[in-house]
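Encoded as structure tokens, the structure appears first; notes follow it.
Values quoted throughout were computed directly from the atomic coordinates according to the rules given, and no laboratory measurement underlies them. These numbers were taken from a predicted model, which means no experiment stands behind them. Virtual Cβ from ideal backbone geometry, glycine too; neighbours counted across all protein chains shown.
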2 protein chains.
Amino acid sequence: MSKIAVIMDDMFEDVEYTRPAEAFREKGHQLVHVGLEKGKEVTGKKKTARVRIDESVTDASPADFDALFIPGGHSPDNLRAHDEAVSFAGKFLESGKPVFAICHAPQLLITARALKNRKVTGWKSIVQDIKNAGAEFVDKEVVVDGNLVSSRQPSDIPAFVRAALEKLQ
Amino acid sequence: MSKIAVIMDDMFEDVEYTRPAEAFREKGHQLVHVGLEKGKEVTGKKKTARVRIDESVTDASPADFDALFIPGGHSPDNLRAHDEAVSFAGKFLESGKPVFAICHAPQLLITARALKNRKVTGWKSIVQDIKNAGAEFVDKEVVVDGNLVSSRQPSDIPAFVRAALEKLQ
């Protein structure tokens with residue numbers, strides 16, 4: 001049983017949250033939704049998923065969780081305009097605890113300057129940003145580099161979830 | 001009288017298109033909307049602006065225009081997943097003709113690997129990406145570096161439009 005922080009804001013890619021979240025819960029893991037404002041309801045791009053933020057990122061610490069999950073869509077771009085969200089994600093990756101990043105999620109880790117020399121994948125629009133951040137971009141459905149698990153897009157979700165679950169206890 | 005290519009897709013930041021577009025037309029300049037598909041109607045993030053694409057970027061050449069305008073929002077992120085759009089924007093900047101970029105617009109130029117050693121500004125979420133691309137990020141309402149005019153956000157639009165109009169004949 002792990003306690004997973006899910007960092008998210010409006011305009012997340014609906015299925016990139018809902019499908020991994022369902023799989024994590026089925027295995028008995030607990031999700032805590034971390035965002036810019038406790039109690040705020042955030043909505044997916046496709047408006048098929050709504051999530052209540054359990055905890056403000058300002059009050060959250062990687063020490064309180066076993067893993068971090070960053071759904072994609074435009075949510076990571078919103079989050080990375082806020083220093084506390086950037087710092088939280090960066091510290092999480094540095095802590096050595098598992099970080100699950102899909103689609104646009106690496107944007108948050110780029111702003112945290114946490115991707116140098118890491119192997120990572122992500123949505124095709126951010127490939128050059130990943131390379132410019134000093135990371136090695138790998139064009140595969142899932143890339144596992146130490147504690148960092150990354151995938152490109154919704155069709156990669158089954159492989160993403162399998163690799164993520166292997167990192168959880 | 002200049003002929004300005006406006007490259008855009010869905011989810012552009014409405015006012016970052018409408019207000020400069022109105023100012024350019026008032027001065028007698030012609031706008032040609034270039035996008036992924038000729039005839040497609042693209043819609044702004046706030047759904048207050050809709051634009052019909054006049055010309056596919058596949059058929060467009062910088063030689064046909066006097067300047068390029070790239071509105072912000074999520075449109076640049078959509079466009080940069082398409083090689084033809086990336087190539088068009090990159091060639092435009094290299095051509096020496098004026099390029100007007102606001103908010104997230106530098107994303108398209110980053111993917112074109114066209115920003116190295118340029119002075120540029122943009123929306124705060126992409127500051128690290130701009131720096132990682134080898135550009136100098138300048139936190140001002142408008143930054144003019146040779147043929148590249150850039151601004152950060154909607155509140156910068158008056159300064160952005162003034163600087164852009166100075167580049168047009």
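At 7 angstrom along the Cα-to-beta-carbon line, where would the label on B:LYS131 sit relative to the other copies? Give the distances in nm, shortest first.
Inter-copy label distances (nm, one decimal, shortest first): 2.2.
Could you please state, rounded to a whole Å, how far the C-alpha centre of the stretch B:83-128 is from the C-alpha centre of the stretch A:110-157?
One Cα centre to the other: 22 Å.
Find every distance from the label point of B:VAL144 to the corresponding label point in the other copies (7 Å from Cα along Cα→Cβ) and write them in nm, one decimal, shortest first.
5.6
Under the √(5λ) rule applied to the eigenvalues of the Cα gyration tensor, what semi-axes describe the equivalent ellipsoid of chain A? Give them in Å, descending.
20, 17, 16
Is the C-alpha gyration tensor of the stretch A:21-63 telling us rounded, prolate or oblate? Criteria: a/c under 1.5 is rounded; beyond that, a/b larger than b/c is prolate, otherwise oblate.
Because a/c hits 1.5 or more and a/b fails to exceed b/c, the stretch A:21-63 counts as oblate.
Using DSSP to call loops (not H, G, I, E or B), can you name the GluC sites (Glu not before Pro) in the stretch A:1-99 whose Cβ has at most 14 other Cβ atoms within 10 angstrom?
Answer by residue number: A:GLU37.
From zero up to wherever the largest Cα-Cα distance of the stretch B:109-160 sits, split into 5 Å bins and tell me the percent of pairs in each.
Pairs per bin, as whole percents: 5, 24, 32, 25, 11, 2.
With loop defined by DSSP as not H, G, I, E or B, and exposure as at most 16 other Cβ atoms within 10 Å, which is the longest segment of chain B clear of exposed trypsin sites (Lys or Arg not before Pro)?
B:48-112
Taking the rotation axis that maps chain A onto chain B, which residue of A brings its Cβ closest to that axis, and at what distance in whole Å?
Nearest residue, distance rounded to whole Å: A:ASN132, 2.
Quick one: label points 7 angstrom along Cα→Cβ at B:LYS3, distances to the other copies in nm, smallest first?
Label point to label point, same position, other copies: 6.4 nm.
Compute, for the stretch B:3-167, the length of the dipole vector about the Cα centre, with Cβ point charges of +1 (Lys, Arg) and -1 (Asp, Glu) only. Units Debye, rounded to 20.
Approximately 300 debye in magnitude.
In a shell of Cβ-Cβ distance under 14 Å around B:THR18, excluding B:THR18 itself, what net charge do Lys and Arg (+1) and Asp and Glu (-1) give?
Net charge in that neighbourhood comes out at +1.
For the stretch B:60-134, what is the convex hull (Cα atoms) projected area averaged across all directions, in square nanometres?
For the stretch B:60-134, the mean projected area of the Cα convex hull comes to 4.4 nm².
Could you work out, residue by residue across A:62-68, how many beta carbons of other chains sit within 10 Å of that residue's beta carbon, and then give the average as an integer?
Averaged over the peptide's residues, the number is 0.
Determine the shielding of peptide A:129-135 by partner chains: average, over its residues, the number of Cβ atoms on other chains within 10 angstrom of each Cβ.
5
In the protein assembly as shown, how does Rg compare with the Kirkwood Rh, expressed as the Rg/Rh ratio over alpha carbon atoms?
Using Cα coordinates only, the ratio equals 1.00.
Extending each Cα 7 Å along its Cβ direction at B:SER95 and B:LYS140, get the distance between those two points in nm, one decimal.
Distance between label points: 2.6 nm.
Taking the alpha-carbon centroid of each part, what is the distance from the stretch A:21-66 to the stretch B:22-65 in angstrom?
Measuring centre to centre over Cα atoms gives 39 Å.
What is the local net charge at B:LYS46, summed over the other residues whose Cβ is closer than 9 Å to its Cβ (Lys, Arg +1; Asp, Glu -1)?
Taking every other residue near B:LYS46 into account, the sum is 0.
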